[in-house]
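Enquirer: Supplied in structure tokens, the structure appears directly below.
The values are calculated or read from the model by the stated rules, or taken from the named source; none is laboratory data. In this text the structure is predicted, and so the values were computed from the model without any measurement. Methodologically, a virtual Cβ is constructed for each residue, glycine included, from the backbone with ideal geometry; neighbour enumeration extends over all protein chains shown.
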Amino acid sequence: MRFLLDAEQREFARSLDAMLSTADTPAVARAWAAGDHAPGRAVWGRLADAGVFALAVPEEYEGAGLLPVEVAVAFVELGRHAVPGPVVETVAAGALLARLAELGEAAPAKRLLAPLATGETLATLALTEGRPFALDADAATVRLTAADGELRLAAGHARVERSLDPARRLARLGRGELLASGPSVAEASRCAADWAALATAAQALGVGLALLDRTVAYVKQRTQFGTPIGGFQAVKHRLADVLIGLEFARPLLYGAALTLRTADVAAAKAAAGEASYAAARAALQLHGAIGYTAENDLSLWLTKARALRTAWGSPAECRRLVLAGGSGGV
């Protein structure tokens, strides 16, 4: 089976790449890590105008429909450009609310979905069974928690802490207002977890591709003994291994987007996370001492690769789901 994007999907990726290339996303990520959300919100608005956050929202709530392949396409580009913020969580929140509406709990969707689709609000989401922390709760305007069969809208959050990626800020959410309860919340949470894992896998793939591109450009310029190190056989083999890992993850990602089966999503998440992390390790080694410095923009992708590897399902968790045949959410 071949997983090839159609012309419209490829153009969507190119348009996002062009837009983000002019947005100085490294500066945006550094500002976000420092607590200045204004540049990030400006980028958020442009992404919303491009329809990114409408891709997991039904049309009756001002969305584009449930389009997981397009979500994967978009999030590869967000990863390429190290876009900060709860982008994955906003899409997952949209999927959760949409699934709740399908199951007969339409009130939360009517209240919250349209502003998510249009980019008016930023959402974060904590599925607190095993994952109690919410990403960027200090920047989000909608903070959702789902646990013990209850979906709640939290009014606040605990002290913000940084993760491995300084642009990813974590916090515990309070209980807040009850929006829905019952078995439908658990089912919608599983759906949201699959969407979150899919988007995270796509983001990780984009991070890995950006790291590979930057490293290839660097080894063509750095010389030893009067020769670019990119000409050394060991360097070529190392980068070829990185490329193979990323290219193997790509069809798994788009295959998972077509089926949205938990096992398929878990396989894609494990492959993309490991491939991106391998790209980060190779990039760090081949950049030498400058790769260790926070001042170098490479660090923005290095730390993100490590954080995304375990976000919304560690490799071990994902492999267990694959072996189990997909029971449960990622």
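Enquirer: Does at least one position in segment 303-311 carry a residue that is farther than 22 Å from residue 13 by Cα and of a type in the set (A, V, I, L, M, F, W, C)?
Expert: Kept after step one, since they are farther than 22 Å from residue 13 by Cα, are these residues of segment 303-311: 303, 306-307, 309-311.
Now drop any that are not of a type in the set (A, V, I, L, M, F, W, C), which leaves 307, 311.
Yes, segment 303-311 contains at least one residue that is farther than 22 Å from residue 13 by Cα and of a type in the set (A, V, I, L, M, F, W, C).
Enquirer: Kindly indicate which of 222, 190, 214, 175 is in contact (Cβ under 8 Å) with a residue 40 or more places away in the chain and closer than 19 Å to residue 146 by Cα. Write out each step before concluding.
Expert: On the way: 222 fails: closer than 19 Å to residue 146 by Cα; 214 fails: closer than 19 Å to residue 146 by Cα; 175 fails: in contact (Cβ under 8 Å) with a residue 40 or more places away in the chain.
Unique residue meeting the criteria: 190.
Enquirer: Within the set of pairs 6 or more residues apart or between chains, which connect a residue that is free of Cβ contacts under 8 Å to residues at least 60 places away in the same chain and of a type in the set (A, V, I, L, M) inside segment 36-49 to a residue that is surrounded by 18 or more Cβ atoms within 10 Å (Cβ to Cβ) and in a helix (DSSP H, G or I) with Cβ atoms less than 9 Å apart?
Expert: Matching pairs, first to second residue: 42/28; 43/20; 43/25; 43/28.
Enquirer: Continuing with this model, one more query. Residue check: is residue 167 modelled with pLDDT of 90 or more and in a strand (DSSP E or B)? Steps first, please.
Expert: Numbers: modelled with pLDDT of 90 or more: yes; in a strand (DSSP E or B): no.
Criteria not met by residue 167.
Enquirer: Right, next: Out of (1) crowded, with 18+ Cβ neighbours inside 10 Å; (2) among the small types (Gly, Ala, Ser); (3) in contact with a strand residue (DSSP E or B) (Cβ under 9 Å, 6 or more places away or on another chain), what's the single condition that is false for residue 119?
Expert: With (1) crowded, with 18+ Cβ neighbours inside 10 Å; (2) among the small types (Gly, Ala, Ser); (3) in contact with a strand residue (DSSP E or B) (Cβ under 9 Å, 6 or more places away or on another chain) applied to residue 119, the lone miss is (3).
Enquirer: A follow-up question, please. Kindly indicate whether residue 139 is buried (at least 17 other Cβ atoms within 10 Å of the Cβ), in contact (Cβ under 8 Å) with a residue 60 or more places away in the chain and closer than 20 Å to residue 44 by Cβ. Reasoning before the result, please.
Expert: On the way: buried (at least 17 other Cβ atoms within 10 Å of the Cβ): yes; in contact (Cβ under 8 Å) with a residue 60 or more places away in the chain: yes; closer than 20 Å to residue 44 by Cβ: yes.
Judged against the criteria, residue 139 is a match.
Enquirer: Collect the residues in segment 155-185 that are within 19 Å of residue 95 (Cα to Cα) and surrounded by 21 or more Cβ atoms within 10 Å (Cβ to Cβ), keeping them in residue-number order. Before you say what the answer is, go through the steps one by one.
Expert: Taking segment 155-185 and keeping what is within 19 Å of residue 95 (Cα to Cα), we get 178-185.
Matches in segment 155-185: 179, 180, 185.
Enquirer: Restrict the check to segment 318-330 and report whether at least one residue is in contact with a Leu (Cβ under 7 Å, 6 or more places away or on another chain) and crowded, with 23+ Cβ neighbours inside 10 Å.
Expert: At the first step, the residues of segment 318-330 found to be in contact with a Leu (Cβ under 7 Å, 6 or more places away or on another chain) are 328, 330.
Right, trim to crowded, with 23+ Cβ neighbours inside 10 Å and you get 330.
The answer is yes, given that some residue of segment 318-330 is in contact with a Leu (Cβ under 7 Å, 6 or more places away or on another chain) and crowded, with 23+ Cβ neighbours inside 10 Å.
Rundown of residues vs (1) at pLDDT below 95; (2) over 16 Å from the mean Cα position of the chain (by Cα); (3) on the phi > 0 side of the Ramachandran plot, yes/no style:
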| residue | (1), (2), (3) |
| --- | --- |
| 247 | no, yes, no |
| 266 | no, no, no |
| 272 | no, no, no |
| 283 | no, yes, no |
| 292 | yes, yes, no |
| 296 | yes, yes, no |
| 324 | yes, yes, no |
| 329 | yes, yes, no |
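Enquirer: Is at least one residue of segment 202-212 surrounded by fewer than 24 Cβ atoms within 10 Å (Cβ to Cβ), among the β-branched types (Val, Ile, Thr) and under 19 Å from residue 298 (Cα atoms)?
Expert: no
Enquirer: Here's something else I'd like to know. Given segment 41-137, what helices (runs of 4 or more DSSP H) lie entirely inside it while holding 1 or more residues that are within 13 Å of the chain's Cα centre (by Cα) and within 27 Å of residue 272 (Cβ to Cβ)?
Expert: In segment 41-137, the matching helices (runs of 4 or more DSSP H) lie at 68-80, 87-102.
Enquirer: For residues in segment 118-138 being touching a Pro at 6+ places or on another chain (Cβ under 9 Å) and small (Gly, Ala, Ser), which is nearest to residue 194 (Cα to Cα)?
Expert: Filtering segment 118-138 for residues touching a Pro at 6+ places or on another chain (Cβ under 9 Å) gives 121-126, 134-137.
Narrowing the set further to residues that are small (Gly, Ala, Ser) leaves 123, 126, 134, 137.
Working: 123: 17, 126: 14, 134: 17, 137: 21 Å.
The residue in question is 126.
Enquirer: Further question on the same structure: Do we have residue 188 as buried (at least 21 other Cβ atoms within 10 Å of the Cβ) and assigned to a loop (DSSP other than H, G, I, E, B) here?
Expert: On the way: buried (at least 21 other Cβ atoms within 10 Å of the Cβ): yes; assigned to a loop (DSSP other than H, G, I, E, B): no.
It is false that residue 188 is buried (at least 21 other Cβ atoms within 10 Å of the Cβ) and assigned to a loop (DSSP other than H, G, I, E, B).
Enquirer: Then there is this: Can you spot a residue in segment 55-77 that is among the acidic types (Asp, Glu), surrounded by fewer than 18 Cβ atoms within 10 Å (Cβ to Cβ), farther than 28 Å from residue 303 by Cα and in contact (Cβ under 8 Å) with a residue 24 or more places away in the chain?
Expert: Looking only at segment 55-77, we keep the residues that are among the acidic types (Asp, Glu), and these are 59-60, 62, 70, 77.
Add one more test, that the residue is surrounded by fewer than 18 Cβ atoms within 10 Å (Cβ to Cβ), and what stays is 59-60, 62.
Filter again for farther than 28 Å from residue 303 by Cα, leaving 59-60, 62.
Okay, now just the ones that are also in contact (Cβ under 8 Å) with a residue 24 or more places away in the chain, so 62.
Yes: one or more hits.
Enquirer: List the pairs whose first member sits in segment 279-305 and is in contact (Cβ under 8 Å) with a residue 12 or more places away in the chain, whose second member is crowded, with 21+ Cβ neighbours inside 10 Å and in a loop (DSSP other than H, G, I, E, B), and whose Cβ atoms are under 7 Å apart, counting only residues at least 6 apart or on separate chains?
Expert: Taking only residues 6 or more apart or on different chains, the pairs are 300/82; 301/82; 303/165; 304/82; 304/165.
Enquirer: Is at least one residue of segment 267-283 among the hydrophobic types (A, V, I, L, M, F, W, C) and surrounded by fewer than 20 Cβ atoms within 10 Å (Cβ to Cβ)? Even if it seems obvious, please write down each step before you answer.
Expert: First pass over segment 267-283, keeping only residues among the hydrophobic types (A, V, I, L, M, F, W, C): 267-268, 270-272, 275, 278-280, 282-283.
Checking which are surrounded by fewer than 20 Cβ atoms within 10 Å (Cβ to Cβ) leaves us with none.
Looking for residues that are among the hydrophobic types (A, V, I, L, M, F, W, C) and surrounded by fewer than 20 Cβ atoms within 10 Å (Cβ to Cβ), one finds none in segment 267-283, hence no.
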